[in-house]
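The values are calculated or read from the model by the stated rules, or taken from the named source; none is laboratory data. Please read all numbers here as calculations on a predicted model, not as lab measurements. Using ideal geometry, Cβ is built from the backbone for each residue, glycine included, and neighbour counts are taken over all protein chains shown. Quick note on the areas: whole protein, heavy atoms, side chains included, nothing else; ligands and nucleic acids left out. Shrake-Rupley method; radii C 1.70, N 1.55, O 1.52, S 1.80 Å.
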Amino acid sequence: MSRSTGASAPEPHSAGAPDAPDAPDSSTASARYLRPHYAPGVPGVIAPVTEPLSRMLDDAARRFPDRIALDFLGKSTTYRQLSEQVARAAEALRRLGVGRGDVVGVILPNCPQHVVIAYAAWRIGAIVAEHNPLAPAAQIREQIELHHGRVIIAWEKSLTRLVQAAGSLADAGMAGRKVLAVDLSRGLPWTTRLALKLPVAAARSQRSELRGRVPAGVASFDDLMTAAAPLPGGHPLPSADEVAVLLYTGGTTGTPKAVKLTHINARSNAEMSLAWASQTCEAGEETFYAVLPFFHAFGLSLSLLCAVGLAATQVVLPKFSADMVLAAWKRHPATFFPGVPVMFDRIVTRARATGADLSSCKIAVCGAAPNPKTVAEAWEQATDGVIIEGYGMTETSPIILGNPISPERRAGTLGVPYPSTDVRIIDPDDPQREVEPGQVGELVARGPQVFAGYWENPEETEAVMLPGGWLRTGDLVRQEEDGFYVIADRRKELIISGGFNIYPTEVEAAVRSMPQVEEVAVVGLPAESGNESVVAAILPKEGQTVTLEQVREWAEKTLSHYALPRQIAILSEMPRSQIGKVLRRVVREELLAAREAASGAASAAASASASAASAIVERLGEAGGRTETRPSDDGAAGSPSPAPAARQSASREGRKDAG
């Protein structure tokens, strides 16, 4: 479709969506919208997806068999080799009794085995349920019990942690399931594997980073795959409308739900991204970096799918480290780098310090959190390429809006609708009514990437879907006069750190269960590189004291590492509404105001400022040396914000449990 000017667009608040909200036939809505701001040559629609995800790998292996598909810490795998490994893994799964519609739980960091398992499961019509390998045992158990997976394939270290936390695999929710272990070192070059066996401290330390003690009775997935024959070529393919993957999200409620993405959903969004970059990227010529975790929708789509769709070399890293990225860059200079703001910031900082050359990178895609202008400018200066932002959610596979890969991109905005994607802005209290142009409202979207619902949860699915296939995002946005969309606020008080969604309700539940805590409000405060720092404002029980160390030690039993509070503020009063509900908004405003006041004060006045704030903040814990998170847990994490202060804003007598 040819590029058009803004004058050809429909009403700004109904981009690509001229139909009524409940119109039954919306198949041509995207085609009728001529898409202003698109880069020349980028189509307004993609062809309907009719084949499953496994065909993306088949096509890449057929066209570019000798192209390096994966580089894992120096070990290369060609597309021919990857296709052969997938065929063996698919047959191994089939022999375990896995078939169409069966769930395979995957608890792995980014590694070659992760890629193989995903494509093998998709080849035989199985559903891949992704899990964070560093999540707490209780969270993984809850997720497994939700999807009822017959086979669980996990990193050795994850199995070790689960047994240590739960007591046994059965207590970790794996009773009656076939559990297989993955040895990450099997994906390394043979020279590195030999070096790991040396009886020296450095080898022992590196070995402990990669391997764990395998529980009794757990077989090796690596051995099983190696011993299996290839899946017969005539084995039937699944239908494209079958469920391919389950990704976990708390949505805007914080209640864990499994998002069902079909082959059509996931591949459609990947094809949209490939169309978006079609004038810049060339099949068989690109090098993608897989630093974002595959268990995250952003990493799954742009790395696990788009890289294969382009037959690109995919540099796979098990965790994020700027030094690790730069070391890999020497082997395979990146041309396409998906990430989150703090990653780009740290890579540029280290590149400047070491003199590393980043000029090979043509495109960087920043998601999951707003990218500060300073970070974007530094990246483009270092690479001489472009960095663009987009917007999406797990339920949309995940991308809805994107900035064009052209001079028309606008830093700090969400962008414009993706190909074949329709969006509208509605009154959140009256979903049938669209807001006036330029006004703030809730973004709703529809397209082939919109999910198939929540797994075994029709009530939650119904709550977010409107007639006509429109998905409520829960985010408040505004469309500006030039057609670009900007975020106004999050309708729910979601916290974003290191590209991960953190749900205050979950964090509050963990902290509130401490014996010393009477009430808590969890908010996000701005931190470096566009991150938010998780701050727990705590009202202790009378006569009790609470420290940051105590909070983190207690909460890490049930929370992922990236969700742990980075700071605490000890309150003497908890702001509440007239019905007793804790007012997170007021807490956040008080902390921000006090922090701003404190940061502007001269050092000589710091003591007096702290004394004036002590009416509500009796003690503020700083994470100190413990704040550096494990990059493989949350992709990346920034340092904590400066110490906030606060002032009294509610009476203790009026306090009661929040509803």
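A few notes on this one:
- Those strands (runs of 3 or more DSSP E) lying entirely in the stretch 335-439 with at least 3 residues closer than 23 Å to Val464 by Cβ and touching a Phe, Trp or Tyr at 6+ places or on another chain (Cβ under 6 Å): 399-402
- Evaluating Thr547 against the criteria (1) out of contact with any Gly (no Cβ under 6 Å at 6 or more places or on another chain); (2) surrounded by fewer than 23 Cβ atoms within 10 Å (Cβ to Cβ); (3) more than 16 Å from Thr505 (Cα to Cα); (4) at pLDDT 90 or above leaves one unmet condition, (1).
- Lone qualifier among Gln516, Gln544, Gln550 - being under 25 Å from Pro133 (Cα atoms) and of a type outside the set (Val, Ile, Thr): Gln550
- Any hit, the stretch 75-82, residues being over 24 Å from Leu210 (Cα atoms), modelled with pLDDT of 95 or more and of a type in the set (Ser, Thr, Tyr): yes
- Only residues that are of a type in the set (Ser, Thr, Tyr), under 17 Å from Gly498 (Cα atoms) and in a helix (DSSP H, G or I) were counted in the stretch 292-325, giving 0.
- Residues in the stretch 172-192 that are outside any helix (DSSP H, G or I) and open to solvent by 80 Å² or more (accessible area, probe 1.4 Å) were compared, and the one that is nearest to Leu146 (Cα to Cα) is Gly176.
- Flag for Thr50 being open to solvent by 30 Å² or more (accessible area, probe 1.4 Å), modelled with pLDDT under 95 and of a type in the set (Val, Ile, Thr): no
- Counting residues in the stretch 421-443 that are open to solvent by 10 Å² or more (accessible area, probe 1.4 Å), of a type in the set (Gly, Ala, Ser), modelled with pLDDT of 95 or more and over 21 Å from Gly339 (Cβ atoms) gives zero.
- Selection status of Ala327, open to solvent by 20 Å² or more (accessible area, probe 1.4 Å), without any contact (Cβ under 8 Å) to a residue 24 or more places away in the chain and either basic (Lys, Arg) or closer than 21 Å to Ile68 by Cβ (or both): yes
- Inside the stretch 272-311, residues that are aliphatic (A, V, I, L, M), without any contact (Cβ under 8 Å) to a residue 60 or more places away in the chain and open to solvent by less than 10 Å² (accessible area, probe 1.4 Å) make up a count of 1.
- Residue pairs whose Cβ atoms lie under 8 Å apart, separated by 6 or more positions or on different chains, with the first residue in the stretch 171-189 and in contact (Cβ under 8 Å) with a residue 40 or more places away in the chain and closer than 21 Å to Pro112 by Cα and the second aromatic (Phe, Trp, Tyr) and surrounded by 22 or more Cβ atoms within 10 Å (Cβ to Cβ), are Leu180/Phe221; Ala181/Trp155; Ala181/Phe221; Val182/Trp155; Val182/Phe221; Leu184/Trp155; Gly187/Phe72; Leu188/Phe72.
- The stretch 493-527, residues that are over 24 Å from Pro398 (Cβ atoms) and not β-branched (Val, Ile, Thr): Glu508, Ala509, Ala510, Arg512, Ser513, Met514, Pro515, Gln516, Glu518, Glu519, Ala521, Leu525
- Scanning the stretch 390-412 for residues that are surrounded by 23 or more Cβ atoms within 10 Å (Cβ to Cβ) and among the acidic types (Asp, Glu) yields a count of 1.
- Residue selected from the stretch 359-369 under the condition surrounded by fewer than 23 Cβ atoms within 10 Å (Cβ to Cβ) and not charged (D, E, K, R), by the criterion farthest from Cys281 (Cα to Cα): Ala369
- Unmet requirement for Ala154, which otherwise passes all of (1) closer than 21 Å to Ser397 by Cα; (2) surrounded by 24 or more Cβ atoms within 10 Å (Cβ to Cβ): (1)
Residues are listed down the side, and each one gets a yes or a no for (1) at pLDDT below 95; (2) over 20 Å from Ser220 (Cα atoms); (3) surrounded by fewer than 17 Cβ atoms within 10 Å (Cβ to Cβ):
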residue	(1), (2), (3)
Ala23	yes, yes, yes
Ala29	yes, yes, no
Ser54	no, yes, no
Asp58	no, yes, no
Ile68	no, yes, no
Val98	no, no, no
Leu108	no, no, no
Ile117	no, no, no
Ala129	no, no, no
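- Being closer than 16 Å to Pro236 by Cα and under 24 Å from the mean Cα position of the chain (by Cα) is a property that holds for Ala120.
- Within the stretch 529-553, considering residues that are free of Cβ contacts under 8 Å to residues at least 60 places away in the same chain and within 25 Å of the chain's Cα centre (by Cα), the one farthest from Arg595 (Cα to Cα): Glu553
- Residue list for the stretch 60-82, restricted to those being closer than 12 Å to Ala311 by Cα and touching a residue at least 24 places away in the same chain (Cβ under 8 Å): Ala60, Arg63, Phe64, Arg67, Ile68, Ala69, Leu70, Tyr79, Leu82
- Considering Ser208, Ser220, the condition of being modelled with pLDDT of 95 or more, open to solvent by 20 Å² or more (accessible area, probe 1.4 Å), touching a helix residue (DSSP H, G or I) at 6+ places or on another chain (Cβ under 9 Å) and not basic (Lys, Arg) is satisfied by Ser220 alone.
- Considering Ala195, Ala240, the condition of being open to solvent by less than 60 Å² (accessible area, probe 1.4 Å) and either touching a strand residue (DSSP E or B) at 6+ places or on another chain (Cβ under 8 Å) or in a loop (DSSP other than H, G, I, E, B) (or both) is satisfied by Ala240 alone.
- Options Gly173, Gly233: the member that is in contact with an Asp or Glu (Cβ under 6 Å, 6 or more places away or on another chain) and either of a type outside the set (D, E, K, R) or farther than 14 Å from Gly105 by Cβ (or both): Gly173
- Put simply, of Thr160, Thr226 the only residue that is at pLDDT 90 or above, open to solvent by less than 70 Å² (accessible area, probe 1.4 Å) and within 25 Å of Glu130 (Cβ to Cβ) is Thr160.
- Tally, over the stretch 500-517, of residues that are free of Cβ contacts under 8 Å to residues at least 60 places away in the same chain, of a type outside the set (Ser, Thr, Tyr) and not in a helix (DSSP H, G or I): 4
Listed here are the residues, each with its yes/no results for (1) in contact with a Cys (Cβ under 8 Å, 6 or more places away or on another chain); (2) open to solvent by 40 Å² or more (accessible area, probe 1.4 Å); (3) among the small types (Gly, Ala, Ser); (4) at pLDDT 95 or above.
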position: His13; (1), (2), (3), (4): no, no, no, no
position: His37; (1), (2), (3), (4): no, no, no, no
position: Gly44; (1), (2), (3), (4): no, no, yes, no
position: Arg88; (1), (2), (3), (4): no, yes, no, yes
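- Of the criteria (1) of a type outside the set (Lys, Arg); (2) buried (at least 19 other Cβ atoms within 10 Å of the Cβ); (3) without any contact (Cβ under 8 Å) to a residue 40 or more places away in the chain; (4) closer than 25 Å to Gly74 by Cβ, which one Thr349 fails: (2)
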